[in-house]
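As structure tokens, the structure follows; a few thoughts come after it.
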Amino acid sequence: MRTLYCTQSQIGQGPLILVNKSHGLQSDFRPQLVNWDPKHRHILMERRAAQLLQSCIHAVGGIQEIVPVSGWRSQQEQEAIWQSTWERYGEAFTRQYVAPPGCSEHQSGLAIDLGRAAKYIDFIRPAFPYDGVCGAFRKVATDYGFIQRYEKGKESVTEISCEPWHFRYVGAPHAQLITMHHLALEEYSSFLQEKPRICQLQNGRMAQVFYVPASGEKTPIEIPDGCYQISGDNVAGFIVTLWGQAI
């Protein structure tokens, strides 16, 4: 067993950060961005998320039918999208489908809007149906660490309308736990604070997840020997993941 110390600034770092209207990105947040699709070189994502998204699309044979519509956005790009959508569609529509600048998951590099290949694709609301290859993608997305971020029935929690095209990388086992328990990401930290959670992954390995609230400038976290991850939640603490042996 060893003790690690996480600082206050680390609450806003990691793949499990909550990004919404009430919890914006830290001003110094800088994801490691890569291009994952040679046909769409202008679309970037965080490195690990990009690798797993590509693997997921390949796994369902969707490389020709599933296209990236919008990945990482700069502050300037998010401001331009917010303004142009407001001018074209009005305030109500904009607040339903576009996050304010600084509060968009796209600025984290962890989110991607996907569309079904077509001659015309709506940039704000691309078509991504529940059948065909898009449906196949949905069935395995959690195995690769992705969730549909804005689900129907969770509008009062997320303050964003259902977006069948918007996927967020959170990693395994978090995608499985969030989906299995029908949670929005806004609800995940509270869910973990109830008790530690255990999840079996597709490869047979077990993972344990627990929450540690921040305590002062440096928060001590007890970690056993082995593989682990610590991510801030961008609210008030840290989500710790421990990976065990296959069963």
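List of remarks:
- Residue in the stretch 143-157 that is closer than 26 Å to VAL69 by Cβ, among the β-branched types (Val, Ile, Thr) and at pLDDT below 95 present: no
- The sole residue among ALA136, ALA141 that is among the aliphatic types (A, V, I, L, M) and either touching a His at 6+ places or on another chain (Cβ under 8 Å) or open to solvent by 30 Å² or more (accessible area, probe 1.4 Å) (or both) is ALA136.
- Flag if GLU159 is under 14 Å from the mean Cα position of the chain (by Cα) and surrounded by fewer than 20 Cβ atoms within 10 Å (Cβ to Cβ): no
- Comparison of GLY216, GLY171 shows that the only residue that is at pLDDT 95 or above, of a type in the set (Gly, Ala, Ser) and either in contact with a helix residue (DSSP H, G or I) (Cβ under 9 Å, 6 or more places away or on another chain) or within 17 Å of ALA111 (Cβ to Cβ) (or both) is GLY171.
- Qualifying residues in the stretch 225-240 (those that are in contact (Cβ under 8 Å) with a residue 24 or more places away in the chain and outside any strand (DSSP E or B)) - the one least open to solvent (accessible area, probe 1.4 Å): ASP233
- Residue in the stretch 124-137 that is farthest from the chain's Cα centre (by Cα), counting only those that are more than 23 Å from GLN96 (Cα to Cα) and not acidic (Asp, Glu): GLY132
- Within the stretch 141-212, helices (runs of 4 or more DSSP H) holding 2 or more residues that are of a type outside the set (Lys, Arg), in contact (Cβ under 8 Å) with a residue 12 or more places away in the chain and in contact with a Ser or Thr (Cβ under 9 Å, 6 or more places away or on another chain): 174-180, 185-194
- Of all the criteria given as (1) of a type in the set (A, V, I, L, M, F, W, C); (2) closer than 26 Å to GLY244 by Cα; (3) surrounded by fewer than 20 Cβ atoms within 10 Å (Cβ to Cβ), the one not satisfied by ALA172 is (3).
- The number of residues in the stretch 100-118 that are surrounded by 20 or more Cβ atoms within 10 Å (Cβ to Cβ), under 18 Å from GLN13 (Cα atoms) and among the small types (Gly, Ala, Ser) comes to 4.
- Among the candidates SER104, SER27, residue that is hydroxyl-bearing (Ser, Thr, Tyr) and under 25 Å from ALA175 (Cβ atoms): SER104
- Listed conditions (1) open to solvent by 60 Å² or more (accessible area, probe 1.4 Å); (2) under 24 Å from ALA184 (Cα atoms); (3) over 17 Å from the mean Cα position of the chain (by Cα); (4) not hydroxyl-bearing (Ser, Thr, Tyr) are all met by TRP86, apart from (2).
- Screening LYS39 on (1) charged (D, E, K, R); (2) within 17 Å of the chain's Cα centre (by Cα); (3) closer than 19 Å to PHE128 by Cβ shows it passes everything except condition (2).
- Residue list for the stretch 119-170, restricted to those being in contact with a strand residue (DSSP E or B) (Cβ under 8 Å, 6 or more places away or on another chain) and of a type in the set (A, V, I, L, M): ILE121, ALA127, VAL133, ALA141, ILE147, ILE160, VAL170
The values are calculated or read from the model by the stated rules, or taken from the named source; none is laboratory data. Quantities reported herein were computed from a predicted structural model and do not represent experimental measurements. Glycine also receives a Cβ, built like all others from the backbone with ideal geometry; neighbour counts cover every protein chain displayed. The area values use the complete protein model at the heavy-atom level, side chains included, leaving out ligands, DNA and RNA. Shrake-Rupley method; radii C 1.70, N 1.55, O 1.52, S 1.80 Å.
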